[in-house]
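Below you'll find the structure, written out as structure tokens, and then a few comments.
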Amino acid sequence: MIRTLVIYLLLLSSITAIAQDSEKEKSWELHGYIKDLQSLSVISLPTPIGNSKFSSQDNVLHNRLNFRWFPNDNFTFKLELRNRIFWGDQIKLSGAEAFKMQLADGNDYFDLDIAAVDQVGVGIHSIIDRFYGEYVKDNWEIRLGRQRINWGINTVWNPNDIFNAYSFTDFDYEERPGSDALRIRYYTSYAGSIEVAAKVADNWDDSTIGLLWVFNQWNYDFQILAGVAQGDYALGGGWAGNIKDIGFKGEFTYFIPFETEDAKSFTATLGADYSFGNSLYLNAGFLYNSNGTTTGDITQLFTFDLSAKNLYPYKYATFLSANYPISPLINGGLALIYSPSEAQALFLNPTLSYSIKENWDVDFIGQLVFDKETGASYRSPVQALFLRFKFSF
């Protein structure tokens, strides 16, 4: 903990000194936001004598600081900090140590966070989730450090995202986690490139290394990837284009384990979206996950092991969403994910956003999950409501 804190302070002081030295030349930037997220969750668990229901009230104060220094036209350095203070019932329910371990999941190879959690229900966590240098010259782009490597195409599920898979339900982390990695990209044309990326790892089984080829043909953007992803060889691809006025996307990855006795995996998604003249936006998608299950209840949505080869707990899932600007300042939306499993799992995500001022926003968000036993009606074991205020600077 002390070593990590010293590293953290040295990095912070270094970037501050650089920013101060460069202020006269206007070669640095600082921006970010402050958010307050309040939540109320109602959870119903089955017991031998009936359902047991309890509620949880929690709050997260979230600050982000994004530093950028560009000493010349070729080099850029970035440092981004995510700072959060938690308080409420969730820490008490999980236990201080378990909650602290959960926060540490945001780290990659290097330990760039500090955390403190108290049994009374208060926690503090600060992490460097972006810290890299980038060199750009002619058609070359080289980036080294903690960065986001996003190879996905689709909106909700991304089998090609072998470096930084993320969950749709984690709506309050727009930036997504980063990887401690080296990435080299060469642009072959305006819409084409060849990219190589590799994460830091102690051994071959933990390595993630990939090659991505992007090109345009028949007015479609295509990509082909090959590599290794933490114990598997990965082969995949994707596309993005239009069928008349309808956007059409897809991606897939086939995972072949190093150990021949282990099962192979295949994950594929399809997506389509359309905007009407009145600004109503519709998005639909489908997921096939060979590692998913067709049994089990909806609570698996919050406990499954997320990765590029296991993007959702169920074998099949369909996604539908609609967004509509009710007024210039108010936007409403509804998303649902349905899995034709034994439990008929259903996830609903209503949203309402209001722009108070240019840099002030407030969001109302719901996460409601439903499932049912054979012959029974739907039940909702988890309902969560969120109120979020955000100020950007």
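The values are calculated or read from the model by the stated rules, or taken from the named source; none is laboratory data. Note that the coordinates shown come from a computational prediction; the quantities given were computed from them, not determined experimentally. Don't worry about glycine lacking a Cβ; one is built from the backbone with ideal geometry, like all the others, and counts go over all protein chains shown.
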Find all pairs meeting these conditions: Cβ atoms under 9 angstrom apart; at least six residues apart or on different chains; first residue within segment 201-221 and closer than 17 Å to GLY237 by Cα and modelled with pLDDT under 95; second residue surrounded by 12 or more Cβ atoms within 10 Å (Cβ to Cβ) and not aliphatic (A, V, I, L, M).
-> TRP218/GLY241; ASN219/GLY241; ASN219/ASN242
Could you tell me whether LEU287 is surrounded by 16 or more Cβ atoms within 10 Å (Cβ to Cβ) and either among the small types (Gly, Ala, Ser) or under 21 Å from TYR166 (Cα atoms) (or both)?
-> yes
Going by the structure shown, is THR299 crowded, with 17+ Cβ neighbours inside 10 Å and either within 19 Å of the chain's Cα centre (by Cα) or not in a strand (DSSP E or B) (or both)?
-> yes
Of all residues in segment 255-274 being part of a strand (DSSP E or B) and β-branched (Val, Ile, Thr), the one that is farthest from PRO159 (Cα to Cα) = ILE256
Restricting segment 47-91 to residues that are within 20 Å of ILE142 (Cβ to Cβ) and modelled with pLDDT under 95, which is surrounded by the most Cβ atoms within 10 Å (Cβ to Cβ)?
-> PHE70
Scanning segment 357-393 for residues that are touching a residue at least 12 places away in the same chain (Cβ under 8 Å) and in a loop (DSSP other than H, G, I, E, B), which turns out surrounded by the fewest Cβ atoms within 10 Å (Cβ to Cβ)?
-> THR374
Within segment 305-347, residues within 30 Å of TRP360 (Cβ to Cβ) and surrounded by 14 or more Cβ atoms within 10 Å (Cβ to Cβ) come out as SER321, ALA322, ASN323, TYR324, PRO325, ASN331, GLY332, GLY333, LEU334, ALA335, LEU336, PHE347
Report whether or not GLY227 is of a type in the set (Gly, Ala, Ser) and more than 13 Å from ILE162 (Cβ to Cβ).
-> no
Can you run down the residue pairs with Cβ atoms below 6 Å, 6 or more apart or on separate chains, where the first is in segment 164-184 and over 16 Å from ALA104 (Cα atoms) and part of a strand (DSSP E or B) and the partner is at pLDDT 90 or above and basic (Lys, Arg)?
-> ALA181/LYS199; ARG183/ARG143
Considering only segment 271-288, how many residues are under 17 Å from TYR338 (Cα atoms) and without any contact (Cβ under 8 Å) to a residue 40 or more places away in the chain?
-> 4
Would you pick out the residues in segment 220-254 that are assigned to a loop (DSSP other than H, G, I, E, B) and out of contact with any helix residue (DSSP H, G or I) (no Cβ under 9 Å at 6 or more places or on another chain)?
-> LYS244, ASP245
